[in-house]
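Visitor: First the structure, which I've put down as structure tokens, then a few questions once you've had a look.
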Amino acid sequence: MNRTTTYTDPRLAFATEYRELSQPVRQRFDGSSTALSVLHGRDLRGKIAIVTGANTGIGFETARSLAFHGCRVILACRDLKKAEKAIQKIQEERENVMCETLHLDLSSLHSVKEAADQFKQKYRTLHILILNAGVFAVPYELTKDGYETTFQVNHLSHFYFTLLLEHPIRSCHNSRVVVVSSECHRFSSLRTVEDFHQLTLSPPAYKYWFMGAYNDSKLCNILFAQELARRWPSVSVFSCHPGNMVSSSLPRYSCLLRLLFTLVRPFTKSLQQGASTQVFCATAPELEGVTGVYFNNCYRCNTSSAALDSALASRLWSVSQEMIISVMKKDKFLETAQKRHML
């Protein structure tokens, strides 16, 4: 009627409150909100953020939105050329944005350590860590470290990367870690403590099903976030679901899934809408002091019962550490053997 555009969903006039939290928080955004609308009016100058997998899709929109509001954004990606092109694209839209690349190959724990060391050599603090990168529907393949690819890329390497960045994260006031999970976690077959061992988390080829591996990895994301929130009480830790079948490069390994994602494209979120929830978790002022919460559509959401099981979270943490230590010991042994051979 007024020939004007509003970026506030009128349904939010009937929004409820997060009464489960320490203090009631009114809902301001929903599934139709974009990352840029979440950040409207915010000044993030002085903040440093790392976004993994930020060269494309939801990760790119997340990095772009944070950079537009003054945040120094580090695009942690496997392909540095694609990351540099992504930064050029952001700079073409907005001058004076602060973006840089960081080489991070999540299929290699050695690369993860190198990336963390490189960051710590340059920066002492990290305000925002968004663990966005992930793979879906990949054929069965082992990583350089001998673990199943979906499990290592989606969970194990992100777990290791976060622990390596403990000091710069915990050195900040109100620092935040956002773990991008999925509603698919509800379909995970992991149910008991006995399920959390290496042969289940990183199964052999004859037990592998791409959808099952993805569901399990997304449950691991939430369990990791819950346990991290318990162990690092001074850091706000969140897990979130970006949206269902958002049109991105996620289904790139399957022609059938690419077709399916294309067909449902008119009925799903845009990439900007897909980035909104993780940006909300990373920046919303009303979430200061809040931790260990799962969000969907920028709103606090209940997880599956398995995702809230503290015994499962503790067991996953222990097994993940054991798997990383095993690789580190093997690398050290090989390095020593090579030196002796050279001598």
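The values are calculated or read from the model by the stated rules, or taken from the named source; none is laboratory data. Worth saying up front: this structure is predicted, and the values here are computed from it rather than measured. As a convention, Cβ positions derive from the backbone with ideal geometry for all residues, glycine included, and neighbour counts pool all protein chains shown. Accessible surface areas use protein heavy atoms only, side chains included; no ligands, DNA or RNA. Shrake-Rupley method; radii C 1.70, N 1.55, O 1.52, S 1.80 Å.
Visitor: I want to check the label-to-label distance for E194 and R230. Put each point 7 Å from Cα in the C-beta direction and report it in nm to one decimal.
Guide: 2.1 nm
Visitor: Here's a follow-up. Less than 14 Å Cβ to Cβ from K218, Lys/Arg counted +1 and Asp/Glu -1: what total charge do the surrounding residues give?
Guide: The answer is -1.
Visitor: As an exercise, take the mean of 1/r over every pair of distinct alpha carbons in the stretch 269-330, invert it, and state the Kirkwood radius in angstroms.
Guide: Taking the inverse mean of 1/r over all distinct Cα pairs, the stretch 269-330 comes out at 14.4 Å.
Visitor: To the nearest 10 square angstrom, what accessible area does H173 show with a 1.4 Å probe?
Guide: Its heavy atoms expose roughly 150 Å² to the probe.
Visitor: Still on this structure: Quick one: work out Rg over Rh on the C-alpha atoms of the stretch 42-99, Rh as Kirkwood radius.
Guide: 0.93
Visitor: Next question, about the same structure. Heavy atoms of the protein only, probe of 1.4 Å, neighbouring chains included. What is the accessible area of E84 in Å², nearest 10?
Guide: E84 has an accessible surface of roughly 90 Å² with all protein chains in place.
Visitor: Under 13 Å from the Cβ of G146, count the other residues' Cβ atoms, weight Lys and Arg +1, Asp and Glu -1, and hand me the total.
Guide: Here the charged neighbours net out to -1.
Visitor: At 7 Å along the Cα-to-beta-carbon direction for both F187 and Y140, put a label point, then send me their distance in nm to one decimal.
Guide: Here the answer is 2.0 nm between the modelled labels.
Visitor: So, one more: Over the stretch 33-76, what percent of the accessible surface lies on carbon and sulfur atoms, probe 1.4 Å?
Guide: 45 percent
Visitor: With label points built 7 Å along Cα→Cβ from the Cα atoms of R170 and Y123, find their separation and express it in nm.
Guide: 1.9 nm
Visitor: So what is the accessible area of the stretch 100-148 per residue, in Å², with the probe set to 1.4 Å?
Guide: Ligands and nucleic acids excluded, the figure is 43 Å² per residue.
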